[in-house]
1. Too long at a 30 Å Cα-Cα cut-off: which of Lys104/Lys274; Lys22/Lys262; Lys193/Lys266; Lys104/Lys129; Lys243/Lys266?
2. Considering the zone a paramagnetic label at Glu219 would reach in this model (a point 7 Å from Cα along the Cα-to-Cβ line), which residues of the range 160-185 have amide N under 20 Å from it?
3. Pick from Met169, Met74, Met237: which is most flexible by mean-square fluctuation in a GNM of the chain where alpha carbon atoms under 10 Å apart are linked?
4. Evaluate E = 1/(1 + (r/R0)^6) for Thr7 and Arg264, where r is the Cβ-Cβ distance and R0 equals 22 Å; express this FRET efficiency to the nearest 0.05.
5. Pick from Ala162, Ala50, Ala28: which is most flexible by mean-square fluctuation in a GNM of the chain where alpha carbon atoms under 10 Å apart are linked?
6. Restricting to bridges with both residues inside the chain, how much of the DSSP beta-bridge set is antiparallel, in percent to the nearest 5?
7. What does the convex hull of the Cα atoms of the range 1-159 come to per residue, in Å³, rounded to a whole number?
8. So which lysines can Lys15 reach, going by Cα to Cα under 20 Å and dropping same-chain residues fewer than 8 places off?
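Every number in this text was worked out from the coordinates using simple rules, so none of it is lab data. None of these values were measured; they are calculated from a predicted model. As a convention, Cβ positions derive from the backbone with ideal geometry for all residues, glycine included, and neighbour counts pool all protein chains shown.
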Amino acid sequence: MMNAAVTEVVQGLDKNHNVDLKAMVEAARKVRELTGFENYGVPFCMTIEAEPLGINVNLGDKTVEPRVTEYNQMDLSDIENSYSINPTESGRMPVVLEAIRELKNENIPIIGNITGPMSTATSIVDPLKLIKMLRKNPEKAYEFLEYVTEYSIEYIREMIKAGADVIAMSDPTATGEILGRRNFEKFILPLYKKIVSEVHHLGKNIIIHICGDAKTIIESLDTIGADALSFDSIVGMRFAKGKLTTKLMGNVNTQLLQEGPKERIKSITENCIKSGVDIVSPACGLGMSTPIENLRVMTDFVKGRR
């Protein structure tokens, strides 16, 4: 997950791993070494795609994640006409691309983490503004989502060119709880299919994560052609397995991973495996105070079952 660089992992770094190249690479390596996760993944926040679009971002520090502090107040059409995004030059995207190049190796897969179009768009403009526009001015809203998708695809292309083996896209704002099935299928589904198609065209796989209660859109998600779907802990894995032909990833509760107890973590991890998941993982983004030893309980249990 994007913020697997929990406090215990990054506390020994000299600089902010969300900004500094050396620290980003070191954090990715330490995540794997200390937690038992079986990949390198960068970046560790969800503001990178939106950052060059006239917003203010507090870049945080080693223990506080970056966050948007001020949205772009311009009209959506003006935003599209005013900003030209080049992933090799814009914001922190070049840092991520260089981190992927430095992490590339023959044995450990590299995951390029990206933010989905709905969540990126609602980091650029006020979420309520965009969600209302889906109803009042759907053509304009969709045009903006397409704009975001196009430069996100360019970013994905550069990630893969740099050496990413897998793309993992998280789109928490696109949950069925917020959009509903009708809006999801109308506005988001075509964009996901476009992104998935491009990743496959480039010969790589893609995982898509949706937050919240995705039960109303789960059958729609099964049509997009992703290589794996990841769900929050509110979605039962047995239920999801019965609805999906797509591979399933998840979904150990992140609050449980943060607070324990360890025997319960083992129990839930085992339940995920018995429910038929193909990749065991946290259900969503990890809290920064999540102890490494709790993450090791999960990863050690999975490896012990092989």
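1. The pairs that break the limit, which is 30 Å between Cα atoms, are Lys104/Lys274; Lys22/Lys262; Lys193/Lys266; Lys104/Lys129.
2. Flagged as within label range: 175-185.
3. Met74
4. E(calc), rounded to 0.05, equals 0.50.
5. Ala162
6. 10 percent
7. For the range 1-159, the hull spanned by Cα atoms encloses 107 Å³ per residue.
8. Once the sequence-local lysines are set aside, what remains near Lys15 is Lys30, Lys62.
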